[in-house]
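S.K.: Below is the structure I would like to discuss, written out as structure tokens.
The values are calculated or read from the model by the stated rules, or taken from the named source; none is laboratory data. Keep in mind it's a predicted model, so treat the numbers as computed, not measured. No Cβ is skipped: glycine too gets one built from the backbone with ideal geometry, and neighbour counts run over all protein chains shown. Heads up: the accessible areas ignore ligands, DNA and RNA and are worked out on the full protein's heavy atoms, side chains in. Shrake-Rupley method; radii C 1.70, N 1.55, O 1.52, S 1.80 Å.
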There are 2 protein chains.
Amino acid sequence: MAASGAHDLIETLTDAGVEVCFANPGTSEMHFVAALGDHPEMRSILCLFEGSVTGAADGYGRMTRKPAATLLHLGPGLANGLAGLHNAKKAHTPIVNIIGDHATFHKEYDAPLNSDVEGTARPYSHVIRSSTDCRNLAADTAYVVAAAKENGGQIFCLVLPADLAWSEGHGKIAPDKVAAQEQCNASALEAVTQELASGKKVGLILGGDACFGAGLKMAGQIGAETGATLLVPHATGRIERGRGLPSLDRIPFPVAAAVSMLQGYDTLILLGAAEPVAFFAYPGLPSRVVDPATRLLTFATPQQDVLDALSRLRDATGAVETQSDAVTAQANDLPEGKLNPDTFATVIARHICDDMIVVDEGVTSSRSLFDTSRGAGRHDLLGNVGGAIGAGMPLALGAAIACPDRPILCITGDGSASYTVQTLWSLAQQKLNVTIVVCANHTYEILRGEMLRVGAMAPDERANSLLDIENPRIDWVQLSKGYGVPASRVQTVAELDTALAEALKKVDGPQLIEVPLTSEAVT
Amino acid sequence: MAASGAHDLIETLTDAGVEVCFANPGTSEMHFVAALGDHPEMRSILCLFEGSVTGAADGYGRMTRKPAATLLHLGPGLANGLAGLHNAKKAHTPIVNIIGDHATFHKEYDAPLNSDVEGTARPYSHVIRSSTDCRNLAADTAYVVAAAKENGGQIFCLVLPADLAWSEGHGKIAPDKVAAQEQCNASALEAVTQELASGKKVGLILGGDACFGAGLKMAGQIGAETGATLLVPHATGRIERGRGLPSLDRIPFPVAAAVSMLQGYDTLILLGAAEPVAFFAYPGLPSRVVDPATRLLTFATPQQDVLDALSRLRDATGAVETQSDAVTAQANDLPEGKLNPDTFATVIARHICDDMIVVDEGVTSSRSLFDTSRGAGRHDLLGNVGGAIGAGMPLALGAAIACPDRPILCITGDGSASYTVQTLWSLAQQKLNVTIVVCANHTYEILRGEMLRVGAMAPDERANSLLDIENPRIDWVQLSKGYGVPASRVQTVAELDTALAEALKKVDGPQLIEVPLTSEAVT
């Protein structure tokens, strides 16, 4: 078909390295969809709900460190994807959202689907550009792609009125220059180095690129050379771990446990992470989990170049030739006893193999997994960073598109999986190598604990019916098959072990395992 | 438990007549949830996704004309519900959203779930009040409830920091006075009356309270007395119709058909409706569907008191004693031939009985239903007003809670049902008398038509894979059973007829029927 504004946009995107578009389009995006048909170099993936679209873009961006595009339908379509953008923004994932809007001349009539698209995007985006002239569409596109890559990864939105997409094309333009990432606080280098050499108890709190690949390697060398502990906030986007890698200690979700872990440090140094704080406030508990007596030094913010910071620090500490401490391989025997969160986590860890990507949104059900999988195969762990529940399966979808040759294991609670259940269909449609494990305890187990922790209810009172996913129980095997994903339910530790082994052998499509886990005594 | 701010809030709500709370809570709402346990006079309904929460509040408010409360978890929880609020706002449904937020003292730490809650709400709310002092919490509550009822129905949000909910209570307060609804443009009465008496071709475009109950009756009398046609915009929240009632003509969705229907009118008078416009812009087609040569008079805006306007107009036109023209009962014979959108709509109409509430989000599949059901039993028809797809099942949930003694028939496309599929669980959990009919054509059929209408693709080109919900096909029977809703699939006209008769006999819980409808030649 004749080259249109939509063609300019897509060609500018692909020239700037954007290769994937997760989409849930509508009428105002039809020219974009038609133009995608002319550009097979942009892979487009249909999702049945926008939460899958943005969550998948997050998973893709975390693994590739470059932006996917999303295609969303006006304000309400964007709104359905905001929770995923919230998580991505907190994870510093680069994403380019293309949001179709009414034609420029149609906005004034306030048609039924009209809403404030920019206002909708604002709280969950770094910058929004509304394109208003087809002659600038390619330039606007080049701008948002470059900007999404800056400052460690940002959420950029391009609002695309329908008439700009269908106007005659003016041609693509070359990628914009991506501004160099801001350097770390080099003036702090001396203080940080001194602390590390002082013999005091020092911890490095790592984030972003410090948690995997070359960054993790440097952090491990610095830790081994100086004796500093390597820590990560509970909400960290991507952690590489397993045998042979430096071990990271994760700061726990419960405030008391976090405070306890961080007690006794003379100095904590932030390297690509923000100061860890309590996820929620609780009566009588502090918001800050770092001991006020601890010296807190920021060496690199999440927006700054943490690889450069690590390199300077490795030089300054003389760790260039140092060998990291490395986790030794740990074989987990098949545990005795019934399926519960602890035996569950042990069985899961047995199946984490080299090169695997593990997505963990098991919430209370997988609370032990970080420990049981410490010495498992080398894997990347993706978690929910922003706390907007329902991230699990969409992250797995995006990671599988990013890394088609790696096995993906996605652990999700039944409560969390419910928010974005439609993702199962896209996993089946794309025949992705993803094994989904649904921990079915038929309750918002975490809220039972939270209700006690916030002091809302005494332990002997009957919990409110708003916490139970009972009567009826969700049958995850039927749901999964309904979306075309083969599924089974296990009842014992041994059955789970066998089912995982079988599922992970399959590489030509997803598989789901429902694991009933009894709601335990609340602690 | 000891009376808390949350108790103040709930008691103030219930005293102001708010009896139902649709909820998907999290940690910051635990005191509210606990307080709900102390107040059984507030019925609380758990949804597994916030789109169900807000869509249900819309359905409830359309049927009761009073607000339900929603309970949502911080910015991302609210974000998941925005599409439903968009539809409710366009339908002028009153809703009171209670949005939990971090404790006031915790906000500054920008914990993972922190976001701009007010900014999230703004594009989809009339007013947002952030409560900041527990002494004012009850007053803030009384304010938002009263305001939600004003101007014909509004979306009001109360942002509730967790520490206000858990603070010691200061007591409920009495309901705020609801400001009287603004009167219609009475100065236009003479002009409107003259037009109606002039012998010209005049149409009344009705909205809001003019479309059912006493308003519809008055509109029918005015129409019968003056010969004016009664019209409704395609996107109308609630229409009462069927045998014995005045017949309303609905302005079609396709622009050309809408323009054609509205051609030849000398005068169109808006009574509780905004000017109907094209849903989307299309190259070469107008945004306005009213003929520029037609005189357009606004007698009552959607915000004004349309019942008062109708009463004045009935008096002025001398229609007080006039008998409305009434639709005669129309029996639809079981149609011959295969299941297609036309035979489907005929079969559905056969089962629309007196007192039924019909929710129609069948999109292309139910396009004939408005005509085939014109002379069916007296029923209320609820449609998607804002165009944010996925409204069907949530509207049915809310309507069923509002009207437990009325049968509900919910027609939904497979594309539309996918956005809020989790609603099935709440329908089962509440054992509601709802029959869901899923029209499964395995495609975004409307987008196939739209792609041609916007000129993006020639009819002979292969449509892009982004339009198909194929490979795999969704098995709605399995999905439904997975959520605890009994389900069946029919293949013929006769099977659909029998299945509907059976399903509508059941009154103690929902039932789903999957109806395969082939994607037709696109027109």
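S.K.: Take chain A, mark every one of the GluC sites (Glu not before Pro) that falls in a DSSP loop and has at most 16 other Cβ within 10 Å, then report the longest stretch left between them, sites excluded.
M.R.: Details: sites that count: A:Glu41, A:Glu182, A:Glu321, A:Glu336, A:Glu461, A:Glu470, A:Glu520.
Here the longest segment lacking exposed loop sites spans A:42-181.
S.K.: Sticking with this one: In the stretch B:1-114, carbon and sulfur make up what percent of the accessible area (probe 1.4 Å)?
M.R.: Ligands and nucleic acids excluded, carbon and sulfur reach 48 percent.
S.K.: Going by Cα centres, the stretch B:114-149 and the stretch B:168-195 are how many Å apart?
M.R.: 21
S.K.: Between the stretch B:215-263 and the stretch A:426-501, what is the C-alpha centre distance in whole Å?
M.R.: 48
S.K.: Would you kindly derive the ³J(HN,Hα) couplings of the stretch B:32-43 from the backbone phi angles with the Karplus curve 6.51 cos²θ - 1.76 cosθ + 1.60 (θ = phi - 60°), listing them in order in whole Hz, with x for Gly and Pro?
M.R.: Each residue of the stretch B:32-43 in turn: 5, 4, 5, 5, 4, x, 8, 10, x, 5, 9, 7 Hz.
S.K.: Exposed loop sites here are trypsin sites (Lys or Arg not before Pro) in DSSP loop states with at most 10 other C-beta atoms within 10 Å. What is the longest stretch of chain A lacking them?
M.R.: Segment A:178-461 is the longest.
S.K.: May I pose another question? Quick one: check the C-alpha center-to-center distance for the stretch B:42-80 versus the stretch B:360-378, whole angstrom.
M.R.: If we compute the Cα centre of each part, the gap is 27 Å.
S.K.: With the label 7 angstrom out along Cα to Cβ, how close does A:Lys505 come to the same site in each of the other copies, in nm, nearest first?
M.R.: The projected label point of A:Lys505 is separated from its counterparts by 4.8 nm.
S.K.: What is the set of long-range amide H partners of B:Ile436 at a cut-off below 5 Å, with H atoms built 1.01 Å from backbone N?
M.R.: When sequence neighbours closer than 5 places are left aside, the close amide H contacts are B:Cys410, B:Gln511, B:Leu512, B:Ile513.
S.K.: Here's something else I'd like to know. Would you compute, for the Cα atoms of the stretch B:124-178, the largest minus smallest coordinate along each principal axis and list the three values in descending order, in whole Å?
M.R.: Rounded to whole Å, the extents work out to 35, 25, 11 Å.
S.K.: Let me ask something else. Considering only the stretch A:238-392, what is the antiparallel percent among its DSSP beta bridges, to the nearest 5?
M.R.: Antiparallel bridges: around 35 percent, rounded to the nearest 5.
S.K.: Right, next: In whole Hz, what ³J(HN,Hα) sequence does the stretch A:233-242 give by Karplus (6.51, -1.76, 1.60; θ = phi - 60°), x for Gly and Pro?
M.R.: Working through the residues one at a time gives x, 4, 8, 10, x, 8, 10, 8, 7, x Hz.
S.K.: Rounded, prolate or oblate: which one fits the stretch B:211-296, using the alpha carbon gyration tensor with axes a ≥ b ≥ c (rounded when a/c is under 1.5, else prolate when a/b beats b/c, else oblate)?
M.R.: Prolate.
S.K.: Given N residues in the protein assembly as shown, what is Rg(Cα) / (2.2 N^0.38 Å)?
M.R.: My calculation over the Cα atoms of the protein assembly as shown gives 0.94.
S.K.: Over the protein assembly as shown, what is the percentage of antiparallel beta bridges among all DSSP beta bridges, to the nearest 5?
M.R.: Beta bridges within the protein assembly as shown, antiparallel portion: roughly 10 percent.
S.K.: Pairs of Cα atoms under 8 Å, at least six residues apart: use those to get the relative contact order of chain A, whole percent.
M.R.: After rounding, I find 14 percent.
S.K.: Could you list which residues have their amide H under 5 Å from that of A:Ser130, counting only those 5 or more apart in sequence or on another chain, with H placed in the peptide plane?
M.R.: Those lying under 5 Å, H to H, from A:Ser130 are A:Val159.
S.K.: Another question, then. Can I get the semi-axes of the stretch B:202-253's equivalent ellipsoid? Compute them from the C-alpha gyration tensor as square roots of 5 times the eigenvalues, in angstrom, largest first.
M.R.: Working from the Cα gyration tensor, I get semi-axes of 15, 13, 9 Å.
S.K.: Hey, another quick one. Evaluate the Debye formula for the stretch B:22-106 with equal point scatterers sitting on the alpha carbons, no solvent, and hand back log10 of I(q)/I(0) at q = 0.19, 0.21, 0.22 Å⁻¹, in q order, two decimals.
M.R.: -0.79, -0.94, -1.01
S.K.: Kirkwood hydrodynamic radius of the stretch A:1-156 from all distinct Cα pairs, in Å?
M.R.: 15.2
S.K.: Now, a different point. Which entries of B:Lys431/B:Lys506; B:Lys89/B:Lys431; A:Lys66/A:Lys505; A:Lys89/A:Lys149 show an alpha-carbon separation above 20 angstrom in the structure shown?
M.R.: Numbers: B:Lys431/B:Lys506 11 Å; B:Lys89/B:Lys431 28 Å; A:Lys66/A:Lys505 30 Å; A:Lys89/A:Lys149 12 Å.
Where the Cα-Cα span goes over 20 Å, the pairs concerned are B:Lys89/B:Lys431; A:Lys66/A:Lys505.
S.K.: Once the label point is placed 7 Å from Cα along Cβ, list for B:Asn136 the distances to the corresponding points in the other copies, in nm, shortest first.
M.R.: Ordered by increasing distance: 4.0 nm.
S.K.: In whole Hz, with x marking every Gly and Pro, tabulate ³J(HN,Hα) for the stretch B:201-213 from phi via Karplus 6.51 cos²θ - 1.76 cosθ + 1.60, θ = phi - 60°.
M.R.: 7, 10, x, 9, 9, 9, x, x, 5, 6, 9, 7, x
S.K.: Averaged across the residues of A:465-478, what count of C-beta atoms belonging to other chains lies within 10 Å of each residue's C-beta? Write down the numbers at each step before the final one.
M.R.: Working: counts 7, 16, 4, 2, 4, 1, 6, 11, 4, 8, 6, 1, 2, 10.
Mean partner-chain Cβ count within 10 Å for A:465-478: 6.
S.K.: Check which residues have an amide H placed less than 5 Å from B:Ile469's amide H, if you skip close sequence neighbours.
M.R.: When sequence neighbours closer than 5 places are left aside, the close amide H contacts are B:Thr443, B:Tyr444.
S.K.: In Å, what Kirkwood hydrodynamic radius results for the stretch B:305-459 from the alpha-carbon pair distances?
M.R.: 17.6
S.K.: Which of rounded, prolate, oblate describes chain A, given a ≥ b ≥ c as roots of the alpha-carbon gyration tensor eigenvalues and a/c under 1.5 marking rounded, otherwise prolate only if a/b is larger than b/c? Could you put the intermediate results ahead of the total?
M.R.: Numbers: a/c = 1.69, a/b = 1.22, b/c = 1.39.
It comes out oblate by the Cα gyration axes.
S.K.: Another question, if that's okay. Under a plain spin-label model, where a point goes 7 Å from the Cα along Cα-to-Cβ, how far apart in nm are A:Ala180 and B:Ala179?
M.R.: Between A:Ala180 and B:Ala179, the simple spin-label model gives 5.8 nm.
S.K.: With n ≥ 4 as the cut-off for DSSP H runs, can you work out [θ] at 222 nm for chain A, using -39500 (n - 2.57) per run divided by the number of residues, rounded to the nearest 500?
M.R.: Using -39500 (n - 2.57) per qualifying helix, the result is -10000 deg cm²/dmol.
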